[in-house]
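The structure appears right after this line, and notes come after that.
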Amino acid sequence: MPGGSTKWANPDPGRPPAVVHGSSTLLVTLILLLLSGSCLALLVATQTQMLIAYGQKLQARLLVAAEGGLQLAIARGVAGAAEPYNHPLVTTGPGAGITVEVTGFLPVADGPCHLCMANLDGALSSLGGLRRVSHVAGAAAVAPPRLDGLPPPTRELTVLVDLMPWPVGASDGWDFEGTAQTARETVRDAALTEVGAYDEDAPLTVKRLAGRDIDPPRTVTVGGLGRAGRLFYAFELAPEPRPLWRFADNRDEDGNGGADLGYTVSKPTVVVVAFGAGVRPVAMFGGGFDPALPGDVGNWLYFVTLDGGEVLYKRALDGPVVAAPAAVDTEGDGLADRIYVGTTAGSLYRVDLAPAVELEGGRVPPGVWNPRRVFDTGGLPIHHPPAVIPVPGLGARALALGAGGGAHPGTGSEEAAAGRFQVFVEGGSGGAGGADELPRLDRANPLGGADRLSPTLSPGERGWSLALGARERPASAPLVVGGLLTFFTLRPTGPDGGEIRRYALQLVSGDAAGAGARGRLVGRSALPPASVLGSPTRIEIDHAGSAAAPVLSSDELAMLQALRAQMPERCRFDGSRVRLIGSGPDGSPIRLAVLPICRIEADWTEGGL
């Protein structure tokens, strides 16, 4: 415009100026950007939290799956399925597609069982025995594969599981009964061929040998002629069936006018013993008896080589030895280092096989491994070996021993005297203890409740003694496992037979293990009862929920409850149990014991991320 400054006119007076409009747009844009950033940050934070929560939930599910897999591994192992196993989990949400990888149930060590027999001899030993067995079990839970190619998340758990009592060694499905029948037929054929006679109840031992310096494993049998003769035979049954030896001893080293080896009624014990720097399997047995020279013939304990039948050891005792020697492994190395053997004069002897000695002229030198008298029954004959049991609270061993009856096997009712059963703790290096020194239980009262093996008792008070009924005497070797003591007795009722009772007692107190009397009538038997009476022939496991497990009597259920109370406090019981099946009075199978299986879990380890 003339004479003045030029001004731009606002073409639209109703709109704000452009500068103002642009500033508002910029401000709004900035605000939107700030809001978008906040939302993005919030979104990122939320996604991060979701990923963390997902990862935590996945890890939790992995841990739960691994723990479940571990329990599955233990349950499968107890049930006998010890091989590895993979199981996919079909789930939705975090952890869908997890696979549980269960390891095997692997035995890694074994040791003494709480209140179980330590004997290496007898049918239970031939079946492998019952001990505390440590197993390793493990499980891993593995998530689905990752999209980025990295290893999938895993959670691994491993635990050491102790089971007791639990079978070890030859309990792997070996047909003990069939093998024993083959062994008896083999010995019978040899006896009939040579002497034309055989006692069907003659003592017979079947043993599987494996482990230290014995490769390949061997199955052998050693049997006598019983009241039919004065011979022992030994055969190898596997891996190569062959005769090993026949043994007779016609010498008269004690000068009593009779051969030292009488009728071969002492059941042989086959064990591995250390000699010098090496070991070798040996057969141990007593000298038997001779009714023409009662008390004079058979007063010997023999060790002979298993492969050749040569005499390694021969020691005189104070009476005929008709019982089987009881061999014990005190060091846990599989070698016999202590022997207990009784005589019909009522003495129980102990032979310590340590230290290992060098043979002189093929025999143990005089003056070492001498028998030492450790218990006196008061003149009651000993016809069966004792059960030897480690007592953890004492750091010592208790012995369960029955005594009574006639002076030799086959004694009729007119000579049968009342027997006695006793449990006692051996007195170490002191003199021989006696049945008269033990606290006596009231036979008429089945309940007492005292723990007579308690460390709080004085040495003279530890143990108990139970008088049997009139003319009743032990008819089988005792069986002790898991705190349960069982044995059979015979009360002759005439020249051709008698009543058989089965006793089931709590070892520590002598009380009835079940809800009734200590001893119950289970049948009748000819005289003498079969030597296999009460001898275990099978070990069977019932796992929790097993459909094949037999229905137990109310008395057996009461026994299970009582035995659980004697187990260590750390024990867990899931319903699994051990059944020992043996021979009854008529030769038919009978449940000798039903035992709870204690499970102790220790040394848990965790891995994986």
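Of note:
- For Ser126, the accessible area of its heavy atoms, probed at 1.4 Å with every protein chain present, is near 10 square angstrom.
- Near Glu437, once Lys and Arg are set to +1 and Asp and Glu to -1 for all other residues with Cβ below 15 Å from its Cβ, the sum equals +1.
- Which of Leu394, Leu557 is most accessible, then next, and so on - probe 1.4 Å: Leu557, Leu394
- Accessible surface of Thr456 - all protein chains present, 1.4 Å probe, nearest 10 Å²: 120
- Computed helical MRE - 222 nm, the chain, DSSP H runs ≥ 4 contributing -39500 (n - 2.57), nearest 500: -5500 deg cm²/dmol
- In sequence order, calculated HN-Hα J values of region 264-279 (Karplus, 6.51, -1.76, 1.60; Hz; x Gly/Pro): 7, 10, 7, 5, x, 10, 10, 9, 9, 10, 7, 10, x, 8, x, 10
- Residue-wise HN-Hα couplings along region 477-482, as the Karplus relation 6.51 cos²θ - 1.76 cosθ + 1.60 with θ = phi - 60° gives them from phi, are 5, x, 10, 10, 7, x Hz; Gly and Pro carry x.
- Only protein atoms count toward the accessible area here, which uses a 1.4 Å probe; on the chain, the carbon and sulfur part of that area reaches 56 percent.
- The angle between the Cα long axis of helix 554-566 and the main principal axis of the chain comes to about 70°, on a 0 to 90 degree scale.
- Placing unit charges on the Cβ atoms of the charged side chains and taking the dipole of region 169-278 about its Cα centre, the candidate lying farthest along the positive direction among Pro216, Val270, Leu192 is Pro216.
- Tensor-based shape of region 316-422 (alpha-carbon gyration tensor, a/c under 1.5 rounded, otherwise prolate or oblate): oblate
- A Stokes-Einstein calculation at 25 °C with viscosity 0.890 mPa s, built on the Kirkwood radius of the chain over Cα pairs, returns a diffusion coefficient of 88 µm²/s.
- Under 11 Å, Cβ to Cβ, from Val142 - net charge with Lys/Arg +1 and Asp/Glu -1: -1
The values are calculated or read from the model by the stated rules, or taken from the named source; none is laboratory data. These numbers come from a predicted model, not from an experiment. So basically every Cβ, Gly included, is an ideal-geometry build from the backbone, and we count neighbours across all protein chains shown. Quick note on the areas: whole protein, heavy atoms, side chains included, nothing else; ligands and nucleic acids left out. Shrake-Rupley method; radii C 1.70, N 1.55, O 1.52, S 1.80 Å.
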